[in-house]
1. Of the numbered conditions (1) out of contact with any Lys or Arg (no Cβ under 9 Å at 6 or more places or on another chain); (2) on the phi < 0 side of the Ramachandran plot; (3) not β-branched (Val, Ile, Thr), residue 92 fails exactly one; give the number of that condition.
2. Please find, within region 77-92, the residue that is surrounded by the fewest Cβ atoms within 10 Å (Cβ to Cβ) out of those that are within 11 Å of the ligand (Cβ to nearest atom) and more than 28 Å from residue 131 (Cβ to Cβ).
3. In region 18-52, how many residues are under 20 Å from residue 203 (Cβ atoms) and either among the acidic types (Asp, Glu) or away from the ligand (no atom under 16 Å from the Cβ) (or both)?
4. Identify the single condition in (1) open to solvent by 30 Å² or more (accessible area, probe 1.4 Å); (2) within 21 Å of residue 132 (Cβ to Cβ); (3) of a type in the set (A, V, I, L, M, F, W, C) that residue 220 does not satisfy, given that it satisfies every other one.
5. Among the candidates 105, 53, 94, which residue alone is more than 18 Å from residue 193 (Cβ to Cβ) and of a type in the set (A, V, I, L, M)?
6. Tally time: how many residues in region 44-56 are buried (at least 16 other Cβ atoms within 10 Å of the Cβ) and in a loop (DSSP other than H, G, I, E, B)?
7. Of all the helices (runs of 4 or more DSSP H) wholly in region 57-129, which have at least 1 residues that are touching a helix residue (DSSP H, G or I) at 6+ places or on another chain (Cβ under 6 Å) and touching a residue at least 12 places away in the same chain (Cβ under 8 Å)?
8. Since residue 65 meets every condition but one in (1) open to solvent by 40 Å² or more (accessible area, probe 1.4 Å); (2) within 26 Å of residue 169 (Cα to Cα); (3) of a type in the set (Gly, Ala, Ser), which condition does it not meet?
Amino acid sequence: MEPQLHIHPDASSNSQAAAQFLADTAQQAIQKNGRFVVSLAGGSTPKKMYELLAESPFADTIDWSKCYIIWGDERCVPETSPDSNSRMAKEAWLNKVDIPAEQILPMDGTLPPAEGAQQYEATLKALLGENGQLDLCLLGMGDDGHTASLFPHTKVLDVTDQWVSEVYVEKLDSWRLTLTAPFIRNSASIAFLVSGAKKADALQQVLKGDYQPATYPSQLIIREQANTHLFLDEAAATKVK
Ligand code: 6PG
């Protein structure tokens with residue numbers, strides 16, 4: 001299965017295009033289902049995209065009252081931590097638009113990790129019902145080919161009977177919560193936002209290399225699921241164009 005590549009000159013134009021894609025997907029989902037459920041990526045790349053969504057024209061055109069926000073992964077830290085993915089998204093975007101507070105559903109990084117994963121899975125089942133389909137899953141990619149917190153050679157890569165799992169990331173010496181690969185693949189649409197030259201090698205391996213998802217976990221999504229869009233800047237796309 002081939003993902004759709006959307007290549008833009010730089011990180012700023014790439015963020016703009018991804019924001020437009022999210023806005024268009026939101027409008028279609030709201031028209032079709034009466035709501036839009038989106039999972040957000042963490043890390044640093046999406047910050048600019050989130051800031052754009054808090055400004056005109058997106059801030060004025062998306063029906064925020066019908067949007068539901070969840071997260072693809074979270075560091076096991078309090079939301080006050082500078083490492084918190086939900087903190088970053090709230091400060092860059094969500095605190096500036098009128099999404100009802102009860103429709104913004106961050107993972108709880110302060111619970112014991114396994115408990116946090118179980119609680120979030122229950123939250124998602126209450127929101128989505130048993131079919132568990134997101135309208136859009138927004139993802140980033142690390143320079144090691146991980147996505148969400150699906151890191152290379154971690155046990156979570158083999159989890160198939162959960163939507164959310166805890167994962168200990170040895171190289172970071174930290175616990176994380178993450179959506180699992182099967183749950184992500186079940187999304188109606190998936191969009192990766194990847195910028196910067198340091199991602200070029202991983203992107204080449206993920207897209208063109210041998211299928212070895214234990215080493216390049218993003219392959220569990222990109223090589224397996226149709227309706228996957230890659231928003232890339234030129235620097236990240238040098239080896240896959
Ligand atoms: C996280 C993210 C993670 C991120 C990649 C890329 O919690 O860190 O969810 O999967 O998307 O690590 O991070 P950057 O955008 O900072 O390069």
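The values are calculated or read from the model by the stated rules, or taken from the named source; none is laboratory data. Note that the structure is predicted; figures quoted are calculated from it, not measured. Note that each Cβ is placed from the backbone with ideal geometry, even for glycine, and that neighbours are counted across all protein chains shown. All accessible areas refer to the heavy atoms of the entire protein, side chains included, with ligands and DNA or RNA removed. Shrake-Rupley method; radii C 1.70, N 1.55, O 1.52, S 1.80 Å.
1. (1)
2. By that ranking, first place goes to 83.
3. Going through region 18-52 one residue at a time, the tally reaches 1.
4. So the condition that residue 220 fails would be (1).
5. 105
6. Count: 3.
7. 58-61, 85-92
8. For residue 65, the exception is condition (2).
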